[in-house]
1. Just to check your reading of the model, which residue among Ala45, Ala89, Ala39, Ala81 is aliphatic (A, V, I, L, M), at pLDDT 95 or above and within 19 Å of Lys107 (Cβ to Cβ)?
2. Please give the strands (runs of 3 or more DSSP E) falling wholly within the stretch 51-164 in which 2 or more residues are open to solvent by 20 Å² or more (accessible area, probe 1.4 Å) and more than 30 Å from Glu269 (Cα to Cα).
3. Being in contact with a strand residue (DSSP E or B) (Cβ under 7 Å, 6 or more places away or on another chain), modelled with pLDDT of 95 or more and closer than 30 Å to Asp63 by Cβ is the requirement here; does Arg213 meet it?
4. Of the conditions (1) within 25 Å of Ala260 (Cα to Cα); (2) under 14 Å from the mean Cα position of the chain (by Cα); (3) at pLDDT 95 or above, Arg106 clears all except one; give me its number.
5. I'm trying to understand the selection: among the residues of the stretch 210-228, which are more than 19 Å from Val52 (Cβ to Cβ), open to solvent by 20 Å² or more (accessible area, probe 1.4 Å) and touching a residue at least 24 places away in the same chain (Cβ under 8 Å)?
6. Quick one: in the stretch 18-49, which of the residues that are in a loop (DSSP other than H, G, I, E, B) and in contact with a helix residue (DSSP H, G or I) (Cβ under 8 Å, 6 or more places away or on another chain) is most open to solvent (accessible area, probe 1.4 Å)?
7. Against the definition (in contact with a His (Cβ under 7 Å, 6 or more places away or on another chain), polar (S, T, N, Q), touching a residue at least 60 places away in the same chain (Cβ under 8 Å) and open to solvent by 10 Å² or more (accessible area, probe 1.4 Å)), how does Thr292 come out, yes or no?
8. Within the stretch 235-289, work out how many residues are within 19 Å of Gly64 (Cα to Cα) and either of a type in the set (A, V, I, L, M) or in contact with a His (Cβ under 8 Å, 6 or more places away or on another chain) (or both).
Amino acid sequence: MLHTIQNPFLTVTVSEDGAQLQSIRGRDGTEYLWQGDPAYWSDRALNLFPYVARLTEGSYRLDGTLHHMNIHGIAPYRRFAAKKQGEDALVFALASDEETLAAYPRKFVFRIYYTLRDNALNMTFEVENRDEKVLYFGLGGHPGFNVPLVPGKTFGDYRLRFGEACQPLRVGFTEDCFLNGREESFPLEDDRILPLKHDLFDDDAIVLKNMARQITLETEGDAHAVTVTFPQMGYLGLWHCPKTDAPYVCIEPWCSLPSAKGKIAVFEEQEDLLSLAPGEIYRNHWSILIHTP
């Protein structure tokens, strides 16, 4: 089932399946969110929990026991309960059950809040630990945005501009998208600008650290743009379907990284995972700001 919220600036639609965004339309009717063409990528804006990206052999250890989990965890594959909170706010909730416990032996509630404030879509990821043991988890967003945003422009006309000067490091990945243990400098033009080219993604995702926590998708000569702000996320993935002319780019703020090549992750030992004591609640706030003429 789909749910829609709106204000004078934006109309946003979200599905109960994965609590995944389906549409972000500006007041002039421009669609900003990638619409899931299966020729390139059938999803639109995955919510990642309780793991980000891939686990070696699809497996991990917790409490000394081997468990199995899909790429990006549990949330993308489950239907959330939804509740509308006025014309401009939605909250979705996923509570642990027998199915989730089989893959991830912890009791939890994962909530996602979507709230419109003028031309911004504000999001909060909330994790509640309802277990008697510490909750170890990864968390992240995976929204795709149309490129170009308007007729008359091409993919190569666009750029990504960081909110302040920075000198990011690129996290090293193997060909099959696991950590290889290396990092290297990822230079930007004027320490802020990354021009978009399709071949940027020929080796799959670009994952950065030590970067500014705000990034804007934009082009010269047009006011339509998207700014993603993620103050609590330490990593940023940039991606489209490799070795294609895919007309979108994903801007993915993450709290954690995937597994190392050839190593089964041990959740208690993976340093970038978040941890939450029994009874506690963790909240992470980020936003998508839509620029229109």
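The values are calculated or read from the model by the stated rules, or taken from the named source; none is laboratory data. This structure is a prediction, so every number in the text was calculated from the model and none was measured. Cβ: placed from backbone, ideal geometry, glycine included. Neighbour counts: every protein chain shown. Heads up: the accessible areas ignore ligands, DNA and RNA and are worked out on the full protein's heavy atoms, side chains in. Shrake-Rupley method; radii C 1.70, N 1.55, O 1.52, S 1.80 Å.
1. Numbers: Ala45 fails: within 19 Å of Lys107 (Cβ to Cβ); Ala89 fails: within 19 Å of Lys107 (Cβ to Cβ); Ala39 fails: within 19 Å of Lys107 (Cβ to Cβ).
When all the criteria are applied, what remains is Ala81.
2. Values: elements: 59-62, 65-68, 81-84, 89-95, 108-117, 120-129, 135-137, 140-146, 158-162.
Fully inside the stretch 51-164 and qualifying: 81-84, 108-117, 158-162.
3. no
4. Here Arg106 clears every test but (2).
5. Pass one, the stretch 210-228, residues more than 19 Å from Val52 (Cβ to Cβ): 212, 214, 216-227.
Now drop any that are not open to solvent by 20 Å² or more (accessible area, probe 1.4 Å), which leaves 214, 218, 220-223.
Hits for the stretch 210-228 are Gln214, Glu218, Glu220, Asp222, Ala223.
6. If we take residues in the stretch 18-49 being in a loop (DSSP other than H, G, I, E, B) and in contact with a helix residue (DSSP H, G or I) (Cβ under 8 Å, 6 or more places away or on another chain), then Asp43 is most open to solvent (accessible area, probe 1.4 Å).
7. yes
8. 8
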